[in-house]
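In what follows, a structure is listed as C-alpha coordinates, so that the remarks can point back to it.
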Amino acid sequence: MSVSRGGFSSRIGFIMAAAGSAVGLGNIWGFPTQTASNGGAAFVLVYLVLAFFLAYPAFMAELLIGRFGQANAVTSMQKMSRTAAQKKFAFFVGFGGIICAALILSFYGVFAGWMMSFAIEPIAILLGSDSAQWFVSQSIFRNLLFTTLFMFLTIFIIRSGVENGIEKWSKRLMPVLIVLLVSLIIYVVTLDGAAEGLNAYLNPDFSRIFEPDLLISAMGQAFFSLSLGTSVMIIYGSYISKEENLVTLGAQVTLIDVSIAFLAGLLVIPAMYVAQAQGVVIFAEDGSLISGSSLIFTVLPALFDSMGSMGLFVGFAFFILMSIAALTSSISMLEGPVSYAVERHDMPRSKATLLIGLGILVLSTIIVLNISFMLDFVATLATQYGQPIIAMLCCIFVGWIWHRNEILTEIKKGYGEVENSLFWKIWPIYTKFICPTAIGVVFIHSL
(Lines give C-alpha, C1' and ligand atoms only; values in the text may rest on other atoms or scores of the structure.)
Protein backbone atom coordinates (compact mmCIF):
# COMPACT_ATOMS: atom_id res chain seq x y z
CA MET A 1 0.00 0.00 0.00
CA SER A 2 1.40 3.37 -0.97
CA VAL A 3 2.09 5.57 2.02
CA SER A 4 0.88 8.62 0.10
CA ARG A 5 -2.56 7.07 -0.32
CA GLY A 6 -3.03 6.61 3.38
CA GLY A 7 -5.00 3.76 4.88
CA PHE A 8 -6.88 2.58 7.93
CA SER A 9 -4.56 2.40 10.93
CA SER A 10 -6.46 -0.41 12.64
CA ARG A 11 -9.07 -3.11 12.18
CA ILE A 12 -11.56 -1.21 14.35
CA GLY A 13 -10.93 1.87 12.22
CA PHE A 14 -12.00 0.04 9.07
CA ILE A 15 -14.98 -1.61 10.77
CA MET A 16 -16.24 1.74 12.10
CA ALA A 17 -15.72 3.46 8.73
CA ALA A 18 -17.29 0.68 6.64
CA ALA A 19 -20.14 0.25 9.11
CA GLY A 20 -20.56 4.03 9.14
CA SER A 21 -20.90 4.01 5.37
CA ALA A 22 -23.42 1.19 5.58
CA VAL A 23 -25.26 2.64 8.57
CA GLY A 24 -26.93 5.76 7.29
CA LEU A 25 -30.35 7.13 6.56
CA GLY A 26 -30.99 3.96 4.58
CA ASN A 27 -30.97 2.01 7.85
CA ILE A 28 -32.50 4.43 10.33
CA TRP A 29 -35.01 6.04 8.01
CA GLY A 30 -35.35 3.82 4.96
CA PHE A 31 -35.48 0.42 6.65
CA PRO A 32 -38.29 1.20 9.14
CA THR A 33 -40.29 2.99 6.43
CA GLN A 34 -39.90 0.04 4.04
CA THR A 35 -40.80 -2.33 6.86
CA ALA A 36 -43.99 -0.43 7.68
CA SER A 37 -44.94 -0.29 3.98
CA ASN A 38 -44.24 -3.96 3.19
CA GLY A 39 -45.85 -6.17 5.77
CA GLY A 40 -43.82 -5.45 8.88
CA ALA A 41 -42.03 -8.56 10.15
CA ALA A 42 -42.34 -10.32 6.76
CA PHE A 43 -40.15 -7.62 5.22
CA VAL A 44 -37.65 -7.88 8.10
CA LEU A 45 -37.32 -11.63 7.54
CA VAL A 46 -36.76 -11.32 3.78
CA TYR A 47 -34.32 -8.44 4.30
CA LEU A 48 -32.22 -10.48 6.74
CA VAL A 49 -32.06 -13.43 4.33
CA LEU A 50 -31.11 -11.26 1.34
CA ALA A 51 -28.57 -9.25 3.34
CA PHE A 52 -26.54 -12.35 4.24
CA PHE A 53 -27.16 -14.54 1.18
CA LEU A 54 -27.07 -11.93 -1.59
CA ALA A 55 -25.63 -8.63 -0.34
CA TYR A 56 -22.77 -10.13 1.72
CA PRO A 57 -21.25 -12.12 -1.20
CA ALA A 58 -21.44 -9.00 -3.41
CA PHE A 59 -19.97 -6.94 -0.56
CA MET A 60 -17.01 -9.35 -0.34
CA ALA A 61 -16.45 -9.09 -4.09
CA GLU A 62 -16.10 -5.30 -3.86
CA LEU A 63 -13.77 -5.45 -0.84
CA LEU A 64 -11.53 -7.96 -2.63
CA ILE A 65 -11.35 -5.86 -5.78
CA GLY A 66 -10.22 -2.88 -3.71
CA ARG A 67 -7.62 -4.63 -1.60
CA PHE A 68 -6.11 -6.37 -4.61
CA GLY A 69 -5.94 -3.18 -6.67
CA GLN A 70 -4.84 -0.85 -3.84
CA ALA A 71 -6.33 2.03 -5.81
CA ASN A 72 -9.56 3.77 -6.79
CA ALA A 73 -12.42 1.72 -8.28
CA VAL A 74 -11.44 2.15 -11.95
CA THR A 75 -7.73 1.46 -11.50
CA SER A 76 -8.35 -1.50 -9.18
CA MET A 77 -10.61 -3.22 -11.69
CA GLN A 78 -8.34 -2.48 -14.62
CA LYS A 79 -5.42 -4.13 -12.78
CA MET A 80 -7.32 -7.42 -13.03
CA SER A 81 -8.06 -6.98 -16.75
CA ARG A 82 -5.94 -8.68 -19.39
CA THR A 83 -7.46 -7.47 -22.65
CA ALA A 84 -8.49 -4.08 -24.04
CA ALA A 85 -12.15 -5.12 -23.91
CA GLN A 86 -11.86 -6.12 -20.26
CA LYS A 87 -10.21 -2.79 -19.43
CA LYS A 88 -13.09 -0.91 -21.08
CA PHE A 89 -15.58 -3.01 -19.13
CA ALA A 90 -13.61 -2.32 -15.94
CA PHE A 91 -13.75 1.42 -16.61
CA PHE A 92 -17.50 1.28 -17.24
CA VAL A 93 -18.19 -0.59 -13.99
CA GLY A 94 -15.74 1.38 -11.83
CA PHE A 95 -16.69 4.80 -13.15
CA GLY A 96 -20.37 3.86 -13.09
CA GLY A 97 -20.04 3.21 -9.35
CA ILE A 98 -18.38 6.59 -8.87
CA ILE A 99 -21.22 8.36 -10.71
CA CYS A 100 -23.74 6.38 -8.68
CA ALA A 101 -22.08 7.52 -5.43
CA ALA A 102 -22.19 11.16 -6.58
CA LEU A 103 -25.88 10.89 -7.49
CA ILE A 104 -26.71 9.34 -4.12
CA LEU A 105 -24.83 12.07 -2.26
CA SER A 106 -26.65 14.76 -4.25
CA PHE A 107 -30.08 13.76 -2.92
CA TYR A 108 -28.71 12.44 0.35
CA GLY A 109 -27.45 15.92 1.19
CA VAL A 110 -30.97 17.31 0.84
CA PHE A 111 -32.41 14.73 3.24
CA ALA A 112 -29.51 15.23 5.65
CA GLY A 113 -30.10 18.97 5.61
CA TRP A 114 -33.68 18.35 6.72
CA MET A 115 -32.42 16.22 9.60
CA MET A 116 -30.12 19.02 10.74
CA SER A 117 -32.87 21.64 10.56
CA PHE A 118 -35.30 19.45 12.52
CA ALA A 119 -32.60 18.94 15.17
CA ILE A 120 -32.31 22.72 15.64
CA GLU A 121 -36.05 23.30 16.07
CA PRO A 122 -36.25 21.98 19.69
CA ILE A 123 -33.32 24.24 20.64
CA ALA A 124 -35.11 27.25 19.10
CA ILE A 125 -38.25 26.41 21.09
CA LEU A 126 -36.32 26.12 24.35
CA LEU A 127 -34.72 29.50 23.63
CA GLY A 128 -38.13 31.00 22.96
CA SER A 129 -37.20 31.96 19.41
CA ASP A 130 -39.95 32.94 16.97
CA SER A 131 -38.01 31.21 14.19
CA ALA A 132 -38.61 27.69 15.51
CA GLN A 133 -41.36 26.93 12.99
CA TRP A 134 -39.14 28.01 10.09
CA PHE A 135 -36.72 25.15 10.75
CA VAL A 136 -39.44 22.53 10.13
CA SER A 137 -41.26 24.28 7.28
CA GLN A 138 -40.48 23.51 3.66
CA SER A 139 -38.79 26.42 1.89
CA ILE A 140 -36.18 26.75 -0.82
CA PHE A 141 -33.93 28.92 1.35
CA ARG A 142 -34.03 26.51 4.32
CA ASN A 143 -33.33 23.53 2.08
CA LEU A 144 -30.43 25.25 0.31
CA LEU A 145 -28.94 26.55 3.56
CA PHE A 146 -28.87 23.21 5.39
CA THR A 147 -27.90 21.18 2.33
CA THR A 148 -24.92 23.50 1.90
CA LEU A 149 -23.99 23.24 5.58
CA PHE A 150 -24.11 19.45 5.42
CA MET A 151 -22.04 19.27 2.23
CA PHE A 152 -19.33 21.52 3.65
CA LEU A 153 -19.20 19.38 6.80
CA THR A 154 -18.65 16.33 4.57
CA ILE A 155 -15.98 18.18 2.56
CA PHE A 156 -14.21 19.20 5.79
CA ILE A 157 -13.84 15.56 6.90
CA ILE A 158 -12.76 14.16 3.52
CA ARG A 159 -10.11 16.88 3.03
CA SER A 160 -8.24 15.42 6.01
CA GLY A 161 -7.69 12.06 4.32
CA VAL A 162 -8.30 8.47 5.39
CA GLU A 163 -6.76 8.14 8.86
CA ASN A 164 -7.24 11.72 10.08
CA GLY A 165 -10.57 12.24 8.36
CA ILE A 166 -12.69 9.17 7.61
CA GLU A 167 -11.31 6.86 10.31
CA LYS A 168 -11.01 9.50 13.04
CA TRP A 169 -14.57 10.76 12.66
CA SER A 170 -16.11 7.31 12.13
CA LYS A 171 -14.58 6.17 15.44
CA ARG A 172 -16.18 9.17 17.15
CA LEU A 173 -19.57 9.23 15.45
CA MET A 174 -20.48 5.53 15.37
CA PRO A 175 -20.39 4.94 19.17
CA VAL A 176 -22.46 8.11 19.71
CA LEU A 177 -24.97 6.89 17.12
CA ILE A 178 -25.35 3.48 18.79
CA VAL A 179 -25.74 4.97 22.30
CA LEU A 180 -28.41 7.42 21.10
CA LEU A 181 -30.27 4.71 19.21
CA VAL A 182 -30.37 2.27 22.14
CA SER A 183 -31.34 5.03 24.60
CA LEU A 184 -34.27 6.12 22.42
CA ILE A 185 -35.45 2.51 22.02
CA ILE A 186 -35.46 1.98 25.79
CA TYR A 187 -37.56 5.11 26.25
CA VAL A 188 -40.06 4.53 23.41
CA VAL A 189 -40.88 0.88 24.26
CA THR A 190 -42.08 1.97 27.71
CA LEU A 191 -44.86 4.11 26.18
CA ASP A 192 -48.51 3.12 25.57
CA GLY A 193 -48.98 1.53 22.15
CA ALA A 194 -45.39 0.32 21.81
CA ALA A 195 -46.36 -3.32 22.44
CA GLU A 196 -48.62 -3.34 19.37
CA GLY A 197 -45.77 -1.94 17.30
CA LEU A 198 -43.37 -4.61 18.57
CA ASN A 199 -45.90 -7.29 17.63
CA ALA A 200 -46.21 -5.91 14.08
CA TYR A 201 -42.44 -5.72 13.81
CA LEU A 202 -41.51 -9.12 15.23
CA ASN A 203 -44.33 -11.49 14.19
CA PRO A 204 -44.12 -12.15 10.42
CA ASP A 205 -47.01 -12.96 8.09
CA PHE A 206 -45.32 -15.75 6.12
CA SER A 207 -47.89 -15.52 3.31
CA ARG A 208 -46.34 -12.22 2.20
CA ILE A 209 -42.66 -13.15 1.97
CA PHE A 210 -42.79 -14.02 -1.76
CA GLU A 211 -44.66 -10.89 -2.86
CA PRO A 212 -42.69 -9.35 -5.78
CA ASP A 213 -42.85 -5.79 -4.44
CA LEU A 214 -41.62 -6.94 -1.04
CA LEU A 215 -38.71 -8.89 -2.57
CA ILE A 216 -37.65 -5.94 -4.74
CA SER A 217 -37.86 -3.50 -1.84
CA ALA A 218 -35.91 -5.83 0.47
CA MET A 219 -33.13 -6.38 -2.09
CA GLY A 220 -32.88 -2.67 -2.81
CA GLN A 221 -32.71 -1.94 0.92
CA ALA A 222 -29.98 -4.54 1.49
CA PHE A 223 -27.83 -3.18 -1.34
CA PHE A 224 -28.41 0.48 -0.47
CA SER A 225 -27.65 0.03 3.22
CA LEU A 226 -24.35 -1.76 2.48
CA SER A 227 -23.31 0.95 -0.04
CA LEU A 228 -22.99 -1.66 -2.81
CA GLY A 229 -22.64 -0.59 -6.43
CA THR A 230 -21.20 2.82 -5.52
CA SER A 231 -17.42 2.15 -5.61
CA VAL A 232 -17.35 2.94 -1.86
CA MET A 233 -16.44 -0.54 -0.67
CA ILE A 234 -13.87 -0.93 -3.43
CA ILE A 235 -12.04 2.20 -2.29
CA TYR A 236 -12.44 1.29 1.40
CA GLY A 237 -11.12 -2.18 0.59
CA SER A 238 -8.04 -0.58 -0.98
CA TYR A 239 -7.20 1.05 2.36
CA ILE A 240 -7.21 -2.27 4.29
CA SER A 241 -3.96 -3.90 5.36
CA LYS A 242 -2.99 -7.04 3.41
CA GLU A 243 -2.72 -8.90 6.72
CA GLU A 244 -6.38 -8.49 7.62
CA ASN A 245 -8.86 -11.37 7.29
CA LEU A 246 -11.34 -10.00 4.75
CA VAL A 247 -13.84 -12.83 5.24
CA THR A 248 -14.21 -11.98 8.92
CA LEU A 249 -14.14 -8.22 8.36
CA GLY A 250 -16.86 -8.40 5.72
CA ALA A 251 -19.06 -10.52 7.96
CA GLN A 252 -18.56 -8.15 10.89
CA VAL A 253 -19.53 -5.07 8.87
CA THR A 254 -22.58 -6.85 7.42
CA LEU A 255 -23.65 -7.94 10.90
CA ILE A 256 -23.28 -4.40 12.31
CA ASP A 257 -25.21 -2.95 9.39
CA VAL A 258 -28.08 -5.43 9.74
CA SER A 259 -28.11 -5.00 13.53
CA ILE A 260 -28.38 -1.20 13.29
CA ALA A 261 -31.19 -1.53 10.75
CA PHE A 262 -32.99 -3.95 13.06
CA LEU A 263 -32.52 -1.61 16.04
CA ALA A 264 -33.83 1.30 13.97
CA GLY A 265 -36.96 -0.72 13.34
CA LEU A 266 -37.26 -1.37 17.07
CA LEU A 267 -37.31 2.40 17.53
CA VAL A 268 -39.41 3.70 14.64
CA ILE A 269 -42.12 1.01 14.30
CA PRO A 270 -43.15 1.07 18.00
CA ALA A 271 -42.94 4.90 17.88
CA MET A 272 -45.46 4.87 15.03
CA TYR A 273 -47.92 2.83 17.07
CA VAL A 274 -47.32 5.03 20.12
CA ALA A 275 -48.23 8.01 17.96
CA GLN A 276 -51.30 6.14 16.70
CA ALA A 277 -52.39 5.45 20.29
CA GLN A 278 -52.19 9.21 20.88
CA GLY A 279 -54.46 10.01 17.95
CA VAL A 280 -52.03 10.42 15.05
CA VAL A 281 -53.36 8.75 11.86
CA ILE A 282 -50.72 6.32 10.57
CA PHE A 283 -52.47 3.94 8.18
CA ALA A 284 -55.16 4.42 5.54
CA GLU A 285 -58.31 2.28 5.54
CA ASP A 286 -56.68 -0.23 3.17
CA GLY A 287 -53.80 -0.69 5.61
CA SER A 288 -51.23 1.25 3.57
CA LEU A 289 -48.85 3.65 5.26
CA ILE A 290 -50.11 7.22 4.83
CA SER A 291 -46.90 9.15 5.30
CA GLY A 292 -44.55 6.89 3.33
CA SER A 293 -41.11 8.42 2.91
CA SER A 294 -42.19 11.52 4.89
CA LEU A 295 -42.83 9.37 7.97
CA ILE A 296 -39.84 10.81 9.85
CA PHE A 297 -41.02 14.38 9.31
CA THR A 298 -44.73 13.93 10.04
CA VAL A 299 -45.53 11.05 12.38
CA LEU A 300 -42.53 11.26 14.72
CA PRO A 301 -42.64 15.07 15.23
CA ALA A 302 -46.34 14.67 16.08
CA LEU A 303 -45.34 12.05 18.64
CA PHE A 304 -42.64 14.30 20.11
CA ASP A 305 -45.11 17.20 20.35
CA SER A 306 -47.49 15.01 22.36
CA MET A 307 -44.77 14.36 24.96
CA GLY A 308 -44.65 17.97 26.15
CA SER A 309 -41.28 19.28 27.33
CA MET A 310 -39.77 15.76 27.30
CA GLY A 311 -40.60 15.58 23.60
CA LEU A 312 -38.20 18.44 22.89
CA PHE A 313 -35.26 16.46 24.28
CA VAL A 314 -36.36 13.21 22.61
CA GLY A 315 -36.88 14.98 19.28
CA PHE A 316 -33.50 16.67 19.52
CA ALA A 317 -31.76 13.36 20.29
CA PHE A 318 -33.57 11.60 17.44
CA PHE A 319 -32.68 14.10 14.75
CA ILE A 320 -29.09 14.38 15.99
CA LEU A 321 -29.00 10.58 15.59
CA MET A 322 -30.30 10.93 12.02
CA SER A 323 -27.76 13.66 11.22
CA ILE A 324 -24.86 11.53 12.48
CA ALA A 325 -26.10 8.55 10.46
CA ALA A 326 -26.25 10.73 7.36
CA LEU A 327 -22.73 12.06 7.91
CA THR A 328 -21.11 8.64 8.37
CA SER A 329 -22.50 7.65 4.97
CA SER A 330 -21.89 10.91 3.12
CA ILE A 331 -18.15 10.90 3.82
CA SER A 332 -17.85 7.50 2.13
CA MET A 333 -19.89 8.64 -0.88
CA LEU A 334 -17.59 11.62 -1.43
CA GLU A 335 -14.40 9.56 -0.97
CA GLY A 336 -15.10 7.47 -4.10
CA PRO A 337 -15.06 10.36 -6.61
CA VAL A 338 -12.27 12.15 -4.71
CA SER A 339 -9.95 9.12 -4.75
CA TYR A 340 -10.51 8.80 -8.51
CA ALA A 341 -9.60 12.46 -9.13
CA VAL A 342 -6.54 12.30 -6.86
CA GLU A 343 -5.10 9.08 -8.30
CA ARG A 344 -6.10 9.27 -11.97
CA HIS A 345 -5.66 13.00 -12.51
CA ASP A 346 -2.97 13.85 -9.91
CA MET A 347 -5.10 16.46 -8.18
CA PRO A 348 -4.23 17.51 -4.62
CA ARG A 349 -6.72 15.96 -2.19
CA SER A 350 -7.86 19.31 -0.81
CA LYS A 351 -8.55 20.70 -4.28
CA ALA A 352 -10.26 17.53 -5.52
CA THR A 353 -12.47 17.37 -2.42
CA LEU A 354 -13.56 20.99 -2.74
CA LEU A 355 -14.23 20.88 -6.49
CA ILE A 356 -16.13 17.58 -6.44
CA GLY A 357 -18.02 18.54 -3.28
CA LEU A 358 -19.09 21.83 -4.87
CA GLY A 359 -20.06 20.02 -8.06
CA ILE A 360 -22.32 17.65 -6.14
CA LEU A 361 -23.72 20.64 -4.21
CA VAL A 362 -24.69 22.22 -7.55
CA LEU A 363 -26.63 19.06 -8.41
CA SER A 364 -28.23 19.14 -4.95
CA THR A 365 -29.26 22.75 -5.60
CA ILE A 366 -30.91 21.74 -8.88
CA ILE A 367 -32.79 19.03 -6.99
CA VAL A 368 -33.94 21.52 -4.33
CA LEU A 369 -35.17 23.96 -6.98
CA ASN A 370 -37.14 21.16 -8.69
CA ILE A 371 -37.84 19.08 -5.62
CA SER A 372 -41.34 17.91 -6.59
CA PHE A 373 -40.05 15.55 -9.26
CA MET A 374 -36.23 15.52 -9.19
CA LEU A 375 -35.79 14.21 -5.63
CA ASP A 376 -37.64 10.97 -6.29
CA PHE A 377 -36.23 10.70 -9.82
CA VAL A 378 -32.57 10.90 -8.77
CA ALA A 379 -33.14 8.64 -5.75
CA THR A 380 -34.85 6.00 -7.90
CA LEU A 381 -32.24 6.25 -10.68
CA ALA A 382 -29.33 5.78 -8.28
CA THR A 383 -30.68 3.26 -5.76
CA GLN A 384 -33.17 1.11 -7.68
CA TYR A 385 -31.33 1.01 -11.00
CA GLY A 386 -27.72 2.14 -10.62
CA GLN A 387 -26.72 0.23 -7.49
CA PRO A 388 -28.12 -3.22 -8.40
CA ILE A 389 -26.68 -3.02 -11.93
CA ILE A 390 -23.18 -1.98 -10.81
CA ALA A 391 -23.18 -4.54 -7.97
CA MET A 392 -24.23 -7.26 -10.44
CA LEU A 393 -21.46 -6.26 -12.86
CA CYS A 394 -18.90 -6.34 -10.02
CA CYS A 395 -19.94 -9.93 -9.28
CA ILE A 396 -19.63 -10.80 -12.98
CA PHE A 397 -16.17 -9.21 -13.02
CA VAL A 398 -14.97 -11.20 -10.02
CA GLY A 399 -16.68 -14.41 -11.13
CA TRP A 400 -15.79 -14.44 -14.84
CA ILE A 401 -12.80 -12.14 -15.46
CA TRP A 402 -10.64 -12.23 -12.35
CA HIS A 403 -8.77 -15.56 -12.18
CA ARG A 404 -9.79 -17.84 -9.34
CA ASN A 405 -6.19 -18.49 -8.27
CA GLU A 406 -5.52 -14.75 -7.95
CA ILE A 407 -8.62 -14.35 -5.79
CA LEU A 408 -7.54 -17.21 -3.54
CA THR A 409 -4.03 -15.76 -3.22
CA GLU A 410 -5.45 -12.37 -2.23
CA ILE A 411 -7.74 -13.82 0.46
CA LYS A 412 -4.98 -16.09 1.82
CA LYS A 413 -2.82 -13.05 2.64
CA GLY A 414 -5.01 -12.47 5.67
CA TYR A 415 -6.63 -15.90 6.03
CA GLY A 416 -4.14 -18.67 5.24
CA GLU A 417 -6.59 -21.53 5.83
CA VAL A 418 -9.38 -20.11 3.63
CA GLU A 419 -8.95 -22.82 0.97
CA ASN A 420 -10.38 -25.41 3.37
CA SER A 421 -13.17 -23.17 4.69
CA LEU A 422 -16.87 -23.33 3.92
CA PHE A 423 -16.61 -19.78 2.59
CA TRP A 424 -14.23 -20.76 -0.22
CA LYS A 425 -16.25 -23.86 -1.08
CA ILE A 426 -19.37 -21.73 -1.65
CA TRP A 427 -18.47 -18.11 -2.37
CA PRO A 428 -16.69 -18.36 -5.78
CA ILE A 429 -19.55 -20.33 -7.36
CA TYR A 430 -22.11 -18.21 -5.55
CA THR A 431 -20.57 -14.97 -6.84
CA LYS A 432 -20.16 -16.35 -10.37
CA PHE A 433 -23.66 -17.73 -10.87
CA ILE A 434 -26.17 -17.12 -8.10
CA CYS A 435 -25.54 -13.44 -7.24
CA PRO A 436 -25.65 -12.06 -10.81
CA THR A 437 -28.63 -14.23 -11.72
CA ALA A 438 -30.63 -13.37 -8.60
CA ILE A 439 -29.90 -9.64 -8.88
CA GLY A 440 -30.71 -9.69 -12.60
CA VAL A 441 -34.00 -11.56 -12.16
CA VAL A 442 -35.24 -9.29 -9.39
CA PHE A 443 -34.12 -6.19 -11.29
CA ILE A 444 -35.81 -7.24 -14.54
CA HIS A 445 -38.97 -8.09 -12.64
CA SER A 446 -38.95 -4.61 -11.10
CA LEU A 447 -39.12 -3.10 -14.60
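The values are calculated or read from the model by the stated rules, or taken from the named source; none is laboratory data. As the structure is a prediction and not an experimental result, all values here were calculated from the model. FYI the Cβ positions are ideal-geometry reconstructions off the backbone, even for glycines, and counts take in every protein chain you see.
Below are the figures for this structure:
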quantity: First in segment 118-130 and under 17 Å from MET322 (Cβ atoms), second anywhere and hydroxyl-bearing (Ser, Thr, Tyr) and assigned to a helix (DSSP H, G or I), Cβ under 7 Å, 6 or more apart; calculated: ALA119/SER323
quantity: Candidate set: segment 365-406, residues that are of a type in the set (Gly, Ala, Ser), more than 26 Å from LEU422 (Cβ to Cβ) and out of contact with any Leu (no Cβ under 8 Å at 6 or more places or on another chain); chosen: the one surrounded by the fewest Cβ atoms within 10 Å (Cβ to Cβ); calculated: SER372
quantity: Matching entry among ILE216, ILE178 (being touching a His at 6+ places or on another chain (Cβ under 8 Å) and either at pLDDT 90 or above or in a helix (DSSP H, G or I) (or both)); calculated: ILE216
quantity: Count of segment 133-160 residues which are without any contact (Cβ under 8 Å) to a residue 24 or more places away in the chain and surrounded by fewer than 17 Cβ atoms within 10 Å (Cβ to Cβ); calculated: 7
quantity: The one condition in (1) within 24 Å of GLY69 (Cβ to Cβ); (2) at pLDDT 90 or above that TYR430 fails to fulfil; calculated: (2)
quantity: Pair list, Cβ under 7 Å, 6 or more apart: segment 194-216 residue of a type outside the set (D, E, K, R), other residue in a helix (DSSP H, G or I) and surrounded by fewer than 17 Cβ atoms within 10 Å (Cβ to Cβ); calculated: PRO212/HIS445; ILE216/HIS445; ILE216/SER446
quantity: Scan of segment 202-236 for residues that are more than 20 Å from LEU381 (Cβ to Cβ) and polar (S, T, N, Q), ordered by number; calculated: ASN203, SER207
quantity: Sole residue being exposed (fewer than 13 other Cβ atoms within 10 Å of the Cβ) and modelled with pLDDT of 90 or more, chosen from THR409, THR437; calculated: THR409
quantity: Qualifying residue in segment 230-242 (condition: out of contact with any helix residue (DSSP H, G or I) (no Cβ under 9 Å at 6 or more places or on another chain), of a type in the set (D, E, K, R) and either without any contact (Cβ under 8 Å) to a residue 60 or more places away in the chain or outside any helix (DSSP H, G or I) (or both)); calculated: no
quantity: Of the criteria (1) touching a helix residue (DSSP H, G or I) at 6+ places or on another chain (Cβ under 6 Å); (2) at pLDDT 90 or above, which one PRO388 fails; calculated: (2)
quantity: Any hit, segment 336-348, residues being part of a helix (DSSP H, G or I) and in contact with a Pro (Cβ under 8 Å, 6 or more places away or on another chain); calculated: yes
quantity: When residues of segment 181-194 are limited to those that are assigned to a helix (DSSP H, G or I) and surrounded by 14 or more Cβ atoms within 10 Å (Cβ to Cβ), the one nearest to the chain's Cα centre (by Cα); calculated: LEU181
quantity: When residues of segment 240-256 are limited to those that are out of contact with any Phe, Trp or Tyr (no Cβ under 6 Å at 6 or more places or on another chain) and of a type in the set (Ser, Thr, Tyr), the one surrounded by the fewest Cβ atoms within 10 Å (Cβ to Cβ); calculated: THR248
quantity: Residue under evaluation GLU167, criteria (1) over 20 Å from the mean Cα position of the chain (by Cα); (2) modelled with pLDDT under 85, criterion not met; calculated: (1)
quantity: Checking PRO337 against (1) closer than 18 Å to GLY94 by Cβ; (2) without any contact (Cβ under 8 Å) to a residue 60 or more places away in the chain, the condition it does not meet; calculated: (2)
quantity: ILE390 being free of Cβ contacts under 8 Å to residues at least 12 places away in the same chain and within 29 Å of MET333 (Cβ to Cβ); calculated: no
quantity: Meets criteria (aliphatic (A, V, I, L, M), in contact with a Ser or Thr (Cβ under 8 Å, 6 or more places away or on another chain), assigned to a helix (DSSP H, G or I) and farther than 15 Å from CYS395 by Cβ) for ALA101; calculated: yes
quantity: Within segment 412-434, tally of residues that are crowded, with 16+ Cβ neighbours inside 10 Å and part of a helix (DSSP H, G or I); calculated: 9
quantity: So SER106, is it in contact with a Lys or Arg (Cβ under 7 Å, 6 or more places away or on another chain), touching a residue at least 24 places away in the same chain (Cβ under 8 Å) and either within 13 Å of MET322 (Cβ to Cβ) or crowded, with 21+ Cβ neighbours inside 10 Å (or both); calculated: no
quantity: Pairs, first more than 20 Å from ALA382 (Cα to Cα) in segment 20-39, second in a loop (DSSP other than H, G, I, E, B) and small (Gly, Ala, Ser), C-beta under 8 Å, six or more apart; calculated: SER37/SER288
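Residue-wise test of (1) at pLDDT below 85; (2) buried (at least 24 other Cβ atoms within 10 Å of the Cβ); (3) closer than 22 Å to TRP134 by Cβ.
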| residue | (1), (2), (3) |
| --- | --- |
| ILE282 | yes, no, no |
| GLU285 | yes, no, no |
| MET310 | no, no, no |
| PHE313 | no, no, yes |
| ILE320 | no, no, yes |
| PRO337 | no, yes, no |
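This table checks each residue for (1) of a type in the set (A, V, I, L, M, F, W, C); (2) within 30 Å of LEU363 (Cα to Cα); (3) in contact with a Ser or Thr (Cβ under 9 Å, 6 or more places away or on another chain).
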residue: THR380; (1), (2), (3): no, yes, no
residue: TYR385; (1), (2), (3): no, yes, yes
residue: VAL398; (1), (2), (3): yes, no, yes
residue: ILE401; (1), (2), (3): yes, no, yes
residue: LYS412; (1), (2), (3): no, no, no
residue: GLU419; (1), (2), (3): no, no, no
